[in-house]
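The values are calculated or read from the model by the stated rules, or taken from the named source; none is laboratory data. In this text, all values refer to a predicted model and were calculated from it rather than measured experimentally. Because the Cβ atoms are built from the backbone with ideal geometry, glycine has one as well, and the counts that use them run over all protein chains shown.
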């Protein structure tokens, strides 16, 4: 599934690109769809930082991201380094004690804070308590009068705050902003937002992330959480992308979903489950994915059961992960080799998914032979793995029953 994000450069007085602002886009049209702020920010975070990658997106320059109150309260900005983002607050966020405390903590950690859509009459938002944490005020040159801009400019100068002129569309407004002391500039006069596309695994089953969030809030065990997540290919994929993002400067390698859950920890997963639940809540199920998801689940259960039958030392959960992800290229429309490069899989799991022969791939080959009713190949692999064919077909029947049950009860919470 193709997903999109737009970025627009922010320039300094020398017209050098010093930062980018990120915007939500639902397609190649350069317009903002009618969705709420939580969902837009969730889309930007997931598509920009997990699916595309911060290094590729920003070339080392900070990205302005508009955080809603809910995402601020979850501590989402701290998932990124102070060098990667500028925390942007809009007029809808009021200077409550909670918000002031968050801004105080962010400043102490080295983050820059920008105010957008400034309206000086809103005394609650632009109170003295909040102003002390602000580094940048953004001024919309299309939406403000010269008198309003003059008041903002005077207030910013008093407080030593940088001014960013946005919606600059003509040389006249650019010259006016420079003359009045603006240090940063953004608008169509310099560049329209450019749209970048990437791929994602669409959701089909277990898209009710609110239920999963409730399970975690009720101190459900890691085993239950892992079991729940690994039955949803889309959520499993995003969890692994999160591991890759969080530990991109280390060499953590993953064999299974439970390992990823343990590595991140319950508190961190709770934050991201909220982001995913917001993002997915208005997305309809994609019917053409149903059969692929069904087959992925069947493969996962078969691979796990075959490994249990073999009684080898490799964890059965690794084989479940193998089967679950074996068709992710079909859902994303991207070659498997490209997808495994972006996930923190252990080498032998990546190799098996990429088609390189190893013990994991042997089991997957057997499952695929069963799907195609390739009797000669089934006999050969069963002999090599020392598995009775009658046991294999029992596993196949049980796996089909299990995956059918999941697909038929996709909105239920299984504890």
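Couple of notes before you dig in:
- Check on residue 306, assigned by TED's automatic domain parsing to the domain that holds residue 352, more than 18 Å from residue 237 (Cβ to Cβ) and modelled with pLDDT of 70 or more: yes
Rundown of residues vs (1) within 22 Å of residue 106 (Cβ to Cβ); (2) over 14 Å from the mean Cα position of the chain (by Cα); (3) at pLDDT 75 or above, yes/no style:
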| position | (1), (2), (3) |
| --- | --- |
| 14 | no, yes, yes |
| 27 | no, yes, no |
| 45 | yes, no, yes |
| 49 | yes, no, no |
| 62 | yes, yes, yes |
| 70 | yes, yes, yes |
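- Residue count for region 156-173 under the criterion of being out of contact with any strand residue (DSSP E or B) (no Cβ under 8 Å at 6 or more places or on another chain) and part of a helix (DSSP H, G or I): the result is 5.
- Unmet requirement for residue 91, which otherwise passes all of (1) at pLDDT below 95; (2) within 26 Å of the chain's Cα centre (by Cα); (3) not in a loop (DSSP other than H, G, I, E, B): (3)
- In this structure, residue 214 does not qualify as at pLDDT below 75, in the same structural domain as residue 346 (by TED's automatic domain parsing) and not in a helix (DSSP H, G or I).
- Residues (loosely packed, with under 14 Cβ neighbours inside 10 Å, in contact (Cβ under 8 Å) with a residue 12 or more places away in the chain and within 19 Å of residue 399 (Cα to Cα)) located in region 371-385: 371
- When region 162-183 is limited to residues that are closer than 24 Å to residue 107 by Cβ and surrounded by fewer than 20 Cβ atoms within 10 Å (Cβ to Cβ), the one that is farthest from the chain's Cα centre (by Cα) turns out to be 181.
- Counted residues, region 341-364 - those being touching a helix residue (DSSP H, G or I) at 6+ places or on another chain (Cβ under 9 Å) and touching a residue at least 24 places away in the same chain (Cβ under 8 Å): 12
- Taking the criterion of being out of contact with any strand residue (DSSP E or B) (no Cβ under 9 Å at 6 or more places or on another chain) and either farther than 11 Å from residue 173 by Cβ or in a loop (DSSP other than H, G, I, E, B) (or both), the residues of region 132-152 that qualify are 132, 143, 144, 145, 147, 150, 151.
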